[in-house]
Every structure is written in C-alpha cells, then in structure tokens.
Amino acid sequence: MKVLKFGGTSVGSVENMTNVKNIINDGDKKIVVLSAMSGTTNSLVEIASQIKYSNPERALEDINMLHEKYILVIDELLHDKPLNSLTKSYISERFNFLIESTYKTFLSVIENQILAQGELMSTFMFNSFLKQEGINSTLLPALDFMRIDENKEPSIEYIKDNLSAVLNEVEVAEIYITQGFICLDATNEISNLQRGGSDYTATIIGAAIMAEEVQIWTDIDGMHNNDPRFVEGTKPISDLSFDEAAELAYFGAKILHPQTVLPVREDGIPVRLKNTMDPAAKGTSITDNHFETGIKAIAAKDNITAIKIKSGRMLQAHGFLKKVFEIFEIYETSIDMITTSEVAVSLTIDDDRNLDKIVSELETFATIEVDQNQSIICLVGHSIVNHEGTHRLFKILKDVKVRMISYGGSKNNISLLVDTKNKIPTLQKLNSYLFELVTL
C-alpha cells in the first residue's frame with residue numbers, strides 16, 4: 001500500500017480536487033493524507049488570535065466569511081443532494097464549534113482545537129466528493145491513531161497499534177482518507193505537528209504500515225536545485241538521498257517539513273515528491289541511494305540570530321563550551337551553526353524567544369555581540385567537502401560579506417551565514433557559479 005499526501009493548494013479549489021481524484025483513482029489501495037484547503041489554516045490562526053486578544057466580534061466576522069466560502073465550494077463540488085446536505089451539516093457543526101470557542105476562556109488547547117478544524121473539514125468534503133464519483137473510500141480519523149509523546153515526538157508504537165485497529169474497524173475501502181497535521185498529545189488533548197506537518201503525518205503513517213512508497217504531492221515538480229521564488233532557471237532534482245533531503249528540508253527548502261524523512265529513513269521506504277498540476281512530471285525520488293557527488297541544491301533559512309561569545313580566558317578555561325551549551329539547553333534553544341577561535345565562539349539560533357535571557361546569562365562570563373536578521377545559505381550534495389568543484393562556491397566571498405562558514409562538520413553540507421538583505425543576490429550568484437558542475 002502507498003501513502004499519498006496532498007497539500008492545501010492541491011485541495012484548494014474544485015478543479016484541483018478533481019485533479020487529486022483523477023490521480024488517486026487508479027485501482028490501487030492507498031491511504032491519502034490531506035491538508036486543510038489553502039488559506040484555511042491562516043484564517044483559523046487569525047480567528048484564534050482574535051479570540052485570544054478578546055475581540056470576539058472580529059472573530060465571528062471571520063468565522064462567518066470562512067463559512068460562506070465553504071458553502072460555495074460545497075455547492076460547486078457536490079451536485080448529489082443527499083451528499084451536499086450531509087456535508088453542509090458537518091461543516092456547520094465545525095463552524096458552530098468555532099462560534100462557541102469565541103465565548104470560552106482562551107487556552108492553548110482551545111487554539112489547537114480551532115486549528116484542527118481545517119483538516120477535519122477538507123477530508124470530510126473530499127470523501128463526500130469521492131463517494132459522489134462512485135469511488136470506494138472511507139475516512140480514517142487521524143485523532144484515533146496519531147499521537148505525540150511528552151517530547152512532541154510521534155509515539156510510533158501507539159500509532160502502529162491504533163492505526164491497525166482503526167483499519168480493521170472501518171469499512172474496507174480502496175482509498176482511505178485521513179487528516180494531516182493534527183494529532184493528540186501525551187495527555188490526549190488535540191495538538192498538531194506544526195506548519196507543514198501533513199508531510200510528516202504521511203511518512204509517520206508510511207513507516208507504521210511499512211508502505212511501498214510515500215508520495216508528497218504539491219504545486220511544484222519536485223525539489224529544485226535552488227529557490228525558484230528568487231532564482232530564475234532552477235531545475236528539479238531527479239534523485240536525492242535521505243541525508244541530502246533532510247539537510248535541505250531543515251535548512252529552508254519549503255517543499256518538505258524538516259522532519260519528513262526521519263520516520264521512513266530507517267526502513268528505506270522511498271519518498272517521491274510530485275506535482276498535482278503536472279502528474280506526468282517525474283518529480284524527485286528520495287531513497288537511501290547516493291547518486292552524483294558534488295553540490296546538488298541550495299536552500300536558505302531566514303530569521304536567524306548570530307551570537308558571538310568572546311572571553312579572553314577561553315583558551316585556558318576548561319569547560320567553557322560546556323558552560324555555554326548548558327545555557328542554551330536550559331532555555332530549550334537549538335543551535336544551527338557554530339565556529340570557534342581561541343578567544344571566541346560564534347553560533348546561530350533560529351528561535352529567539354528566550355534571546356534576552358540567554359544573553360543575560362552569557363554576559364556573566366563573556367562579552368556578547370548579537371546580529372539579527374541573518375540567513376543561512378545551505379549547500380547540499382553527496383560528499384561535497386571532497387568534490388573537486390566545490391571550491392567554486394568560495395568565489396562568493398569576493399561578492400558578499402559572509403558572517404560565518406560551516407565546513408567539514410558534514411560531508412554533505414556547507415553552510416554560509418549572510419545578512420538577510422544579501423540572501424537573494426547570494427542565491428543568484430551561487431547558482432551561476434555552481435550548477436555547471438553536476439548534471440541533475
């Protein structure tokens with residue numbers, strides 16, 4: 001059995017939902033993971049924010065506008081009157097829940113419940129559409145089997161056991177529809193896997209059922225060798241290893257959730273990135289195989305903060321780095337890049353919620369410099385540190401001021417830190433320097 005995930009754009013209109021129906025209706029048994037309709041999660045975030053900041057009137061306006069949008073989509077999608085009526089009734093229940101939430105004391109659990117409504121609605125609507133089209137499908141409620149533990153990691157054994165039980169309980173079907181993104185937490189309250197989490201849902205399910213393949217369908221034809229939003233003439237990459245894909249996802253490639261490949265990597269379950277708007281395009285295959293050496297792709301991660309920690313006693317101070325890292329551990333802040341000299345450590349973080357507290361503690365034993373609005377430019381490929389053409393990337397040093405370089409920590413990754421205002425020209429220049437090196 002395969003697992004296919006379709007993002008918000010793929011189910012964002014009746015035309016696109018029809019494309020998805022045509023893609024999945026091939027006679028093979030599969031689990032289909034759906035995101036919320038495009039724009040819905042943003043609307044729900046705004047509604048939750050209005051409730052949080054005691055503006056129920058504005059929240060109710062937004063709820064009613066979103067409800068009207070869904071009614072229009074249902075009327076266009078479902079011409080079967082009983083299915084149309086049934087779906088409208090279910091959607092109205094979801095919006096009634098949102099209305100009731102405006103009168104409740106705002107808690108994080110309420111926010112998560114609000115954000116879950118998008119996936120619940122998209123899957124019910126799409127399942128009704130498949131039934132109308134005579135396709136044998138059934139819903140698998142993700143909240144019956146998807147759960148994260150106290151560390152916000154997927155509870156794999158729980159998911160395996162409960163997904164198996166749910167599959168045995170529901171009506172046997174050719175296509176099983178389930179929600180991406182949403183899950184239960186360790187206390188059985190509704191939670192989620194963060195933005196882009198539907199990709200993660202798909203590979204978690206793929207690992208749980210030992211899927212033949214996991215397919216991630218989006219609105220672009222695979223992983224590109226640079227960011228097509230900023231660089232002209234980028235090309236899709238036909239093959240990536242799990243390691244390469246994981247590096248690119250973590251360092252900013254928007255097509256994949258950063259943790260997508262982790263559940264399937266150990267079992268070698270292939271992941272394929274495909275384009276809903278162009279199903280015939282090959283896309284990108286992610287496996288445990290390594291293909292060409294050299295730099296394959298470039299990604300960028302924004303909202304980076306660089307921290308320079310300087311101490312004249314560092315060279316002789318046993319345990320200095322341990323002391324530094326313990327502060328970041330206390331405030332649960334991960335480090336992306338790090339470089340050292342005899343008197344200073346420079347590092348980067350992408351979560352600045354506790355920046356003031358971290359700096360305050362570091363200043364008790366060191367001089368601190370902070371640079372915000374930085375971007376990490378990540379270059380990824382198999383064994384690029386050893387590749388004969390990699391030196392060409394350093395031509396960038398004559399064109400752009402590079403704040404830090406991470407080279408050698410991984411054979412598959414070289415990272416540069418630049419001011420965000422220089423990100424786009426850096427991506428463009430690297431593209432012109434590098435991509436005559438490999439055939440993609």
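Other residues lying with their Cβ under 11 Å from the Cβ of residue 417 contribute a combined charge of +1, Lys and Arg counting +1, Asp and Glu -1.
Percent antiparallel among DSSP beta bridges with both residues in the stretch 105-208, to the nearest 5? Approximately 45 percent, going by the DSSP bridge assignments. In the chain, a dipole from Cβ-located charges (positive for Lys and Arg, negative for Asp and Glu) runs towards its positive end, and of 138, 170, 432 it is 432 whose Cα lies farthest in that direction. A 1.4 Å probe over all protein chains sorts 30, 235 by accessible area into 235, 30, starting with the largest. Here, P(r) means the percent of Cα pairs in each 10 Å bin from 0 to the largest distance; for the stretch 1-157 it is 10, 37, 34, 17, 2, 0. Along the axis of the charge dipole computed for the chain (Cβ charges of +1 for Lys and Arg, -1 for Asp and Glu, origin at the Cα centre), the listed residues 193, 366, 216 are led at the positive end by 366. Using C-alpha pairs below 8 Å separated by at least 6 residues, the relative contact order for the chain is 14 percent.
When the chain is treated as a Gaussian network with alpha carbon springs shorter than 10 Å, the biggest mean-square fluctuation among 226, 373, 16 belongs to 373.
Largest mean-square fluctuation among 193, 115, 60, in a Gaussian network model of the chain whose springs join Cα atoms under 10 Å apart, belongs to 60. DSSP beta bridges confined to the chain are antiparallel in about 60 percent of cases. A Cβ-based charge dipole, computed about the Cα centre of the chain with Lys and Arg at +1 and Asp and Glu at -1, lands at about 1140 debye. For the stretch 29-166, the Cβ-based charge dipole about the Cα centre amounts to some 240 debye (Lys, Arg positive; Asp, Glu negative; other atoms uncharged). Estimated from helical segments only, the mean residue ellipticity of the chain at 222 nm is -12000 deg cm²/dmol, where each DSSP H run of four or more residues counts as -39500 (n - 2.57). Residue 67 contributes an accessible area of around 40 Å² to the protein surface, as traced by a 1.4 Å probe with all chains present. Checking (i) 41, 27, 20; (ii) 35, 29, 20; (iii) 43, 23, 19 against semi-axes √(5λ) of the Cα gyration tensor in Å calculated from these atoms, the matching label is (i).
Contact order for the stretch 289-348, expressed relative to its length and based on alpha carbon pairs under 8 Å spaced 6+ residues apart, stands at 42 percent. With the convex hull drawn over the C-alpha atoms of the stretch 247-364, the volume per residue is 166 Å³.
Rolling a 1.4 Å probe over the protein heavy atoms leaves residue 331 with an accessible area of roughly 50 Å². A Förster distance of 25 Å, applied to the separation of the beta-carbon atoms of residue 71 and residue 1, puts the FRET efficiency at 0.15. Dipole check for the stretch 64-112: with +1 at the C-beta of Lys and Arg, -1 at the C-beta of Asp and Glu, and the Cα centre as origin, the magnitude is about 80 Debye. In the context of the full protein assembly, residue 89 retains an accessible surface of approximately 60 Å², using a probe radius of 1.4 Å and ignoring ligands and nucleic acids.
The values are calculated or read from the model by the stated rules, or taken from the named source; none is laboratory data. Computed from a predicted model, the values in this text were never measured in an experiment. Counting neighbours? That spans all protein chains shown, and the Cβs are built from the backbone with ideal geometry, glycine included. Remember, those area values only see protein heavy atoms, side chains included, never the ligands or the DNA or RNA. Shrake-Rupley method; radii C 1.70, N 1.55, O 1.52, S 1.80 Å.
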